[in-house]
Amino acid sequence: MLQRFFAWVDGLRGRRWARVAVWATRVLLAAGFILGGLRKVDGSRFHNPEVLTLGTDIGFFFEALYRTGLYWRFLGWAQVVAGLLLLVPRTALLGAMMYLPIIANIWVITLSMYFAGTPVITSLMLLGCLGLLVWDHRRLRPLLHAR
């Protein structure tokens with residue numbers, strides 16, 4: 001069954017609309033990470049402290065991350081690098097591989113913190129990243145099939 005699915009994906013590679021959709025997905029995912037990551041890299045808060053106050057679980061969580069300083073910037077750099085790698089066709093697969101654990105973490109955080117509306121966005125980002133990995137499944141096979 002998976003072989004038929006991957007054969008269908010391979011068939012899409014010849015379709016212009018599919019290639020455009022993959023390109024658009026890469027650009028949108030990259031934009032989301034680069035813009036959010038740059039705020040962290042320059043040491044800015046990702047959120048508005050007036051909206052997400054320390055009195056809320058979400059506000060407390062983001063404030064704690066922000067106050068780590070070095071870790072906050074590390075998260076930002078990881079997002080920026082993953083986003084930039086997605087934009088370069090030769091490194092797009094590496095970017096998607098780097099993007100996956102980051103967006104998976106963000107997705108779990110938004111689900112566990114009951115982030116209103118945000119789980120929809122992070123779910124779409126996670127699905128987009130998984131879609132990019134499926135798109136390049138042939139290049140991933142050597143990593144998945146140990147001999």
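A few remarks follow.
- Counted charge near Ala92, where neighbours are those whose Cβ lies closer than 11 Å (Asp, Glu -1; Lys, Arg +1): +2
- Stretch gain in nm, segment Thr53-Thr68, where the contour uses 0.36 nm per residue and the Cα spacing is subtracted: 3.7 nm
- Most positive-pole-ward Cα, Ala64, Gly11, Met97, against dipole of the chain from beta carbon charges: Gly11
- Rolling a 1.4 Å probe over the protein heavy atoms of the range 56-147, with every protein chain left in place, gives an accessible area that is 73 percent carbon and sulfur.
- Accessible area expressed per residue, the chain, with surrounding protein chains retained (probe 1.4 Å, Å²): 65 Å²
- Our summary gives the range 78-147 a relative contact order of 27 percent, counting only alpha carbon pairs under 8 angstrom and 6 or more residues apart.
- Contact order for the chain, expressed relative to its length and based on alpha carbon pairs under 8 Å spaced 6+ residues apart, stands at 24 percent.
- Semi-axis lengths, Å, the chain, gyration tensor of Cα atoms, sqrt of 5 times eigenvalues: 32, 16, 14
The values are calculated or read from the model by the stated rules, or taken from the named source; none is laboratory data. Source: prediction; values computed, not measured. Note: ideal-geometry Cβ built from the backbone for every residue, glycine included; neighbour counts use all protein chains shown. Areas reflect the complete protein model, heavy atoms only, side chains present, ligands, DNA and RNA absent. Shrake-Rupley method; radii C 1.70, N 1.55, O 1.52, S 1.80 Å.
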